[in-house]
Amino acid sequence: MAILSTQCRDMLNSLSWYMSARKTALRAALSFRTQLSVNDQVDMRIHYSGYFINMLAATELFRETTAIQSNQFYENLCSRLTFDGFSDGKANYAYIRELRNAIVHRGLDITAAAHIVGDFPMILAPPNVSNQSRTKKYDTFGRYLLDVIMKCEAVIGPAMLETLDAIGVFEATPDIEATLAEYTETISQSDFMPEHIRSMALNVEIKPEWFLEMHQSSMEKLRTMLTPFEA
């Protein structure tokens, strides 16, 4: 992959956002301590939910992007998503996917039960979740939600990073001509930019190295976002 298409670039930017948002959600979720107010309980539920929503959004974005060999990624992911006593990686992936679906589509409260360790609420993972038609049920691969999360952290981001490295994404250069054309079109068609500002923007001499520096910075950020969260 010598030249990175704008479509692949946009996908990588979205991936970086989802993976960044999942870290932010988890950081916030782990900050809560007892005694929890009513607002604390609501916020904690939102943040733990946000972790799974963003992690699964990133994973499914990855699987849907044919330019990054999504089928190989899924098989690689499931082969890694196996743990002592929980050897079916596809079932484990289905659990976190259906957990996310239950949160988003059925309002599941994943923080409904907890043990208190010191002053830290150890949320109990839902023991099983069903698909929407309730024809299949998937069991958790960790007693506590944090156990499930840490297992996901150890596997999902590194599997993504390995796939991107294997196809040379981080060595690829952006399509400068297409990026410049996109910039010009965006400025020209802007409905909110004052005319004198638009004229100035269109007359700025754009240097290719600017795009290269921006791209390098975004790729460095993506690498960081794909690393496991250290709780």
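Compute the orientation-averaged projected area for the range 3-225 from the convex hull of its Cα atoms and round it to one decimal in nm².
Details: hull surface 63.2 nm².
Across all orientations, the range 3-225 yields a mean hull projection of 15.8 nm².
Starting from the Cα of Lys221, draw a straight line to each of the lysines and keep only those under 21 Å, dropping any in the same chain fewer than 8 residues away.
By straight Cα distance, Lys221 reaches Lys23.
In terms of Cα to Cα distance under 17 Å, which lysines are near enough to Lys137, apart from those fewer than 8 places away along the same chain?
Hits, sequence-local ones excluded: Lys90.
Using a cut-off of 14 Å between alpha-carbon atoms, which aspartates and glutamates can reach Lys136, once sequence neighbours fewer than 8 places away in the same chain are excluded?
Output for Lys136: Glu98.
Would you work out which of Asn101, Asn76, Met19 lies farthest towards the positive end of the dipole of the range 3-225? Charges go on Cβ: Lys and Arg +1, Asp and Glu -1.
Asn101
Relative to the longest principal Cα axis of the chain, at what angle does helix 6-29 sit, 0 to 90 degrees, rounded to 10?
Tilt relative to the chain: about 40 degrees.
What's the magnitude of the charge dipole for the range 116-231 around its Cα centre, counting Lys and Arg as +1 and Asp and Glu as -1 at the beta-carbon? Answer in Debye, nearest 20.
On the way: 9 positive and 18 negative charges, 183 e Å.
Here the range 116-231 has a charge dipole of around 880 debye.
Using 0.36 nm per residue, how much length does the chain from His196 to Asp40 gain when fully extended, once their Cα-Cα distance is taken away? It would help to have the intermediate numbers written out before the result.
Details: separation 156, 0.36 × 156 = 56.16 nm, distance 4.81 nm.
Difference between extended and current length: 51.3 nm.
Based on the Cβ-Cβ distance of Ala28 and Ser130, what FRET efficiency does E = 1/(1 + (r/R0)^6) give at R0 = 25 Å, to the nearest 0.05?
On the way: r = 28 Å, r/R0 = 1.13.
After rounding to 0.05, the efficiency reads 0.30.
Against the longest alpha carbon principal axis of the chain, how many degrees, from 0 to 90 and to the nearest 10, is the axis of helix 176-188 turned?
Between the helix axis and the principal axis of the chain, the angle is about 90 degrees.
In debye to the nearest 20, how big a dipole does the range 3-225 give about its Cα centre with +1 on each Lys and Arg Cβ and -1 on each Asp and Glu Cβ? Can you show the working numbers first?
Numbers: 21 positive and 27 negative charges, 226 e Å.
That gives a dipole near 1080 debye.
In whole percent, what relative contact order does the chain give with Cα contacts below 8 Å and a gap of six or more residues?
This gives 25 percent for the chain.
What net charge do the residues around Ala57 carry, taking every other residue with its C-beta under 14 Å from that of Ala57, with Lys and Arg at +1 and Asp and Glu at -1?
On the way: positive: Arg22, Lys23, Arg63, Arg97, Arg100; negative: Glu60, Glu64.
Around Ala57, the charge tally is +3.
Readers should treat all values here as calculations from the given coordinates under stated rules, not as data from a laboratory. This structure is a prediction, so every number in the text was calculated from the model and none was measured. Every residue, glycine among them, receives a Cβ derived from its backbone with ideal geometry; neighbour counts consider all protein chains shown.
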